[in-house]
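Following: one structure in structure tokens, then a few remarks.
Bear in mind these aren't lab numbers, they're just calculated from the coordinates by the rules spelled out. Since the structure is predicted, the reported quantities are computational estimates derived from the model, not experimental observations. Here Cβ is always computed from backbone atoms with ideal geometry, including for glycine, and neighbour counts include all displayed protein chains.
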Amino acid sequence: MERRHAVSTTIVAIVVIAVLVVAAIAIAIALPSFASTKTVTIVPTTSSSTSTASQYKLALLVGGDVTDDGLNDQGVQVANWIASTYGWTVSVSQDVAYSSQGALMTSYAQQGYNVIWADGNQFIGTTEAIAAQFPNVKFIMTPTYDGDNLTKNVVALSAGNQATGYYLAGVLSGKMTKTGSVGVVIGQWFTALSLEFYAYKAGVHSANPNAKVYLSVPGTWSDPTIGNTVAMTMINTDHCDILVPIADTTGLGVIAAATTTNTTLIGTVLDQVVLSPTDMMTSVLLNMTAFIQPVIQHIIAGTWSQIGGKVQDLNLGSLGPFHNFDSVIPTSVKTLLAQTAAQMGALIGNGTMPFTYTPNPPTSP
Amino acid sequence: MTDYGSLTVSILAASLPLTMPILYASIGEVYAEKSGVLNMGIEGVMSLAAFVSLWVTYSTGSYFYGLLAGIGAGMAMGLFHSFATVKIGINQLIAGLMLYSLALAIGDFGYVIATKKVVPYVRPLSPVHLPVLSGLPVIGPVLFKQNLLVYLSFAVAVIMGLILYKTTWGLKIRAVGENPEAADSAGVNVNLVRHLCVILGGTLAGLAGASLVLGYLGLYATGDTLVAGRGWIAIVVVIFARWSPYKAIAGAWVFGLGYSIAAVFIGSGVFSSLGTASGYLLLAVPYVFAIVFILLFHRGTKSPSSLTVPYKRR
Amino acid sequence: MAQLPQGRFTSYFLGIVASLVLFSVILEGFGYNPIVSLEGLVSGSFGTPFLASETFFLVGPLLLAALAFLVPFRARFYNIGVEGQLYIGALFGYLAAAQLGGVPGVIAIPIMLIAAAAGGTLWLALPLFMRIKLQVNELFPTLVMNFVALDVVNWVTAGPLKDPLSGNLQTKVMPQSTWLPALVANTELNVGIIIAAAAVLVVYVILYKSVLGYEIRASGSSPRAAQGGGVDTGRSILAVGLMSGTLAGLAGIVVVAGVDHVLAQNFSPGYGYQGIAVAALGSFQPFGTVIASILYSALSIGGESLQRSAAAVPIELVYALQAIIVLSVLIVQRWIGERTSGRR
């Protein structure tokens, strides 16, 4: 009995060691790609203090991080672009928790940062409050703002700035859907986001009046599992063959579901084709630089008063490249998209492209 | 007009991949606890293993290496936990909770470093349509169109149940957990058995984490939003299932199904007239069910007698 | 046995040193400078008055959560449901505060605190009942109720109590009279830390200077001997349960009324679980926990500063350090204790 005990122990020990060794080898193979970079999130100023641009310090707050290949990633990219183009000192804070927002902004303000950019709708309330406490610090609020509580040191981007892009995406979806059902997944329903949804829906119906636009609001931006399950439901039960995730990390679950079922996707904010090379038809781009650059230039020129305290109403949405779908989308559809884009002003004017807000999501497609 | 039939199939089909990681992890924890050691850290271990398996699969292109790496990471964490609790003998509850924080932090750290260059995604394993069975009405698409890792989880549960109840190894494990002194007198190396069971627990937790990535979502998210409480649920399932691997199948499925119902209803908008917030209450249902169940059946729920008590040879 | 026994100081200290050494090795391995990083942690938590205020502000909820775990731990009742209890405590406190609009703070705040304590205790009531009357191990119900609590608060803040004017999932702002007064203007440091300090004293007095405390500690160290000596372990558990729920509820309301001034989703970044680490780091002694909570808080705040600084050390490494410190201290203490005492 002792010997059998010893033999079985030995066997187990061998298996354990073998697995650990193979695992270690596998990790070691993967390790070179780690190659510890010393990428810092601050871009230091050039040491010359005679350059006027380097007296500017900008802080960026995002609620997620660069891994979302979306809004948060874009914010970081634009912030780094500011640093390299204008020589500003830039500090980026990612994954800012709700409870840390106020302290973080205060901390930046007290450290002498002249500009604080809060990129994400969850910062709105805190930004309004902190901006009131620090009138000498300038604040930037993106991506959408639908309030009326801006102090003179804040500039914001209006809600619906991607609406035109979503309308076009809707036209494309209406034309390309084979099942007649498309779906939108929004992390949480903000009144400000409803513009994008209704624009998309209007676009779909302008191209395909009988199509159904399903909507799902999981209630969180950070749960990929629920995104996945919700998407699977829309695919299997509602027969959606095009999905539009506007849901950050939750949206990643939606994308995973779509990829495993070969459902078409439309991305948001950035060209998100890398998230699903085979199934991402296009993305609704948000031209954040078109908003930020004039703001930066106003700051440098000292003409902030022209934009301070105001909500900038811009149309920053457009359709990104079609990548693998380029040959799939008929020329007639591409022409239609180009024409629609050209007529956008008229469509907005005659109400075809609606600017509808609702505080609660619609209950039926 | 909601198609309730198709909705039901959706719910059932979605419940299985949701059950898979819970089941793997709970089987591992059953073994650890049956031998007398509590491991509260499997949530963190799953997260770390998820990251490791994602990264290795992404970098090497091999799902096999990725799976093995994830399992290995879990095994290493199990080894650490058994060292701290069986060898050194610190408080098992605290050790497990600290392991949760530590493993989670390591995984997140790895992801932060890795994503400075590129954001890794892998395509989850495709479903395997079992030849004749998947054509069956209703149960076909639900049971027989899942991927390998899902099927494997049920197989593992059954096999581990057989081992626990039908082999001498299993007998020793149960003896060690119920009465370590008697087992010691009978010639069983109590602490060795415990070491092995805890390592096994970690290994299966590693498999659970890898299955989340390779068999379900194909991605990683920091801040414990990927495992999202399924490791804790696995610990709950162990008690719910009265430390039986077979019952753990049912227990894990209760939670997989509960989540699936809530998520599918949210996704189909069936309850949206009750307000979008009602989804949160739906998510609470499986937990309430678990508490009610234990309230009703507490008499049959007795943990292994030596659970959390370190053993020292006299 | 009121303070840490002599011999354990050395092993405790050794544990801290060991963890710092390990941390430095890891930093070096990934290309970060250990000296710069450690110095960054210190200056990032105490370097400026504002940062110091942040560090001490965080001590409030951490210390209360740690006490909430520590007290029942001494009676061998393992309340890992502090996170859920602090959420429900915050909910009850908010509900009370919302009704106390015109009432002056001197009256409103105590009422709010009592409501929060009641909420936390209520959430522990079921696990308490299950342990005392049904002999069901409390680990399971307390853990499960954490999830239920989160879902309830998520529902409330997204549904019935949601502020229609705010973009966020949170309630309307609490009446100003119920805001915990700030101790230093323009910082987050508020009365919450005073509440926590008072709680430490109360816990100390009860645990070490009262008959109840004696019974609690006796139930914890050897339940059968205690029962043989006439101690009602059930009563001890009830007592620690009431204290624990109260402390947890206070931890929740201190965050909500002290800083946020609204009840928002996910307002706690895991204070309930961090409190367990702090209690362990404090060797489950009230005053030791004070020091541990300052250290733990300094690491959290310092870690955030370090991540934003030029060194850009990812904060996850600091989270790992927090876990490593606790494990290191426990392991070293136990290992040395075994070897020197020769006790089996």
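Ignoring lysines fewer than eight residues from C:Lys133 along the same chain, the ones with Cα atoms less than 18 angstrom from its Cα are B:Lys302.
Straight-line reach from A:Lys152: taking Cα to Cα under 22 Å and skipping same-chain neighbours fewer than 8 places apart, the lysines in range are A:Lys57, A:Lys138, A:Lys310. The dipole here belongs to chain B: it is taken about the Cα centre, uses +1 on the Cβ of Lys and Arg and -1 on the Cβ of Asp and Glu, and is about 620 debye. Where in the range A:306-324 is the amide nitrogen less than 18 Å from a point lying 7 Å along the Cα-to-Cβ axis of A:Lys178? Backbone N within reach: A:324. Remark: the range A:77-83, residue by residue, has Karplus-estimated 3J(HN,Hα) of 4, 5, 4, 5, 4, 4, 4 Hz, where x stands for each Gly or Pro and the curve is 6.51 cos²θ - 1.76 cosθ + 1.60 at θ = phi - 60°. With 23 Å as the limit, the listed pairs A:Lys178/A:Lys212; A:Lys201/C:Lys172; B:Lys34/B:Lys312; A:Lys178/A:Lys201 have A:Lys201/C:Lys172 beyond it between alpha carbons. Rounded, prolate or oblate, given the Cα gyration tensor of the range A:141-180, with a/c below 1.5 counting as rounded? Prolate shape, in that a/c is at least 1.5 and a/b is the bigger ratio. Placing pseudo-labels 7 Å out from each Cα toward the beta carbon at C:Gln99 and A:His205 gives an inter-label distance of 4.6 nm. When +1 charges are put on Lys and Arg Cβ atoms and -1 charges on Asp and Glu Cβ atoms, the dipole computed for the protein assembly as shown relative to its Cα centre reaches about 2900 debye. Each residue, B:Lys116 and A:Ala346, gets one label point 7 Å from its Cα in the Cβ direction; the gap between the two is 5.4 nm. Report for the protein assembly as shown the percent antiparallel among DSSP-assigned beta bridges with both residues inside it, nearest 5. In the protein assembly as shown, DSSP labels about 15 percent of beta bridges as antiparallel.
Maximal additional length on extending the C:Ser24-C:Gln227 stretch stands at 68.3 nm, based on 0.36 nm per residue less the C-alpha distance.
State, to one decimal in nm, how far the label point of A:Ser332 lies from the label point of A:Thr10, with both points 7 Å from Cα in the Cβ direction. The modelled label-to-label distance comes out at 7.7 nm.
Working out 0.36 nm times the residue gap between A:Gln306 and A:Val21, then minus their Cα-Cα distance, what length gain in nm do you get to one decimal?
In short, 96.1 nm is gained.
Note on C:Ser210 and B:Leu296: with the Förster distance fixed at 41 Å, the Cβ-Cβ geometry gives a FRET efficiency of about 0.60. What the Kirkwood sum gives for the range C:12-132 is a hydrodynamic radius of 18.0 Å, with every pair of different alpha carbons counted. For chain A, taking Cα atoms only, Rg and Dmax work out to 24.1, 90 Å respectively. B:Lys247: which aspartates and glutamates have alpha carbons under 19 Å from its alpha carbon, excluding same-chain residues fewer than 8 sequence positions away? Those aspartates and glutamates meeting the cut-off are B:Glu29, B:Glu33. For q = 0.06, 0.07 Å⁻¹, what log10 I(q)/I(0) does the protein assembly as shown give under the Debye formula with an equal point scatterer on each alpha carbon and no solvent? So the normalised log intensities work out to -0.43, -0.60. Compute the FRET efficiency between B:Val288 and A:Gln297 as 1/(1 + (r/R0)^6), taking r as their Cβ-Cβ distance and R0 = 51 Å, and round to the nearest 0.05. It comes out at approximately 0.35. The sum of -39500 (n - 2.57) across all DSSP H runs of n ≥ 4, divided by the residue count of the protein assembly as shown, sets its helix-only mean residue ellipticity at 222 nm to -20000 deg cm²/dmol. Remark: chain B projects, on average over all directions, an area of 18.1 nm² (convex hull of Cα atoms). Residues whose amide H lies under 5 Å from that of A:Asp65, counting only those 5 or more places away or on a different chain, are A:Asp95; hydrogens are built 1.01 Å from N in the peptide plane.
Applying 0.36 nm per residue to the separation of C:Val106 and C:Ile194 and subtracting their alpha-carbon distance, the gain on full extension is 30.2 nm.
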